[in-house]
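Working notes for the structure below.
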């Protein structure tokens with residue numbers, strides 16, 4: 001389902017999930033919603049779709065392999081406040097590192 005704003009602005013909000021159903025990325029991209037059939041087909045066949053740098057948040061699970069207690073747990077969160085794919089804020093195990101974009 002799509003609202004009237006999305007139909008006129010051509011902005012599509014998306015969420016990506018990994019194979020076990022964990023949210024791994026969310027963001028937006030521009031495109032034509034139409035009836036959604038084409039977008040659903042792409043989502044079903046290409047796990048990397050959309051491959052644009054317009055992500056807003058990325059979630060990394062399972063750690064880097066150095067800590068067995070992180071298996072199946074959220075490890076890092078990357079935030080792109082501008083939605084341009086550049087990380088502005090990185091959270092690691094609950095600690096925030098703010099990166100200046102100025």
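We did not get these values from a lab; they are worked out from the coordinates using the rules stated. Fair warning: this is a prediction, and the values are worked out from it, not measured in the lab. In this analysis, Cβ positions are derived from the backbone assuming ideal geometry, glycine residues included, and neighbour counts consider all displayed protein chains.
General observations
- Order of 44, 18 - criterion: other Cβ atoms within 10 Å of each residue's Cβ, fewest first: 44, 18
- Spacing of the modelled spin labels on residue 84 and residue 60, each 7 Å from Cα toward Cβ, amounts to 2.2 nm.
- Separation in nanometres of the label points that stand 7 Å from Cα toward Cβ, at residue 23 and residue 41: 2.9
- The mean sequence separation of alpha-carbon pairs under 8 Å and at least six residues apart, normalised by the residue count of region 4-98, gives a relative contact order of 19 percent.
- As a rough footprinting exposure proxy, the listed residues 78, 61 were ranked by other beta carbons within 10 Å of their own, and the order from fewest upward is 61, 78.
- With 0.36 nm allotted per residue and the present C-alpha distance subtracted, the residue 73-residue 48 stretch has 6.8 nm of extension available.
- Per-residue Cβ neighbour rank within 10 angstrom, fewest leading, 72, 80: 72, 80
- Anisotropy class of region 4-98 from Cα gyration tensor, a/c 1.5 cut: oblate
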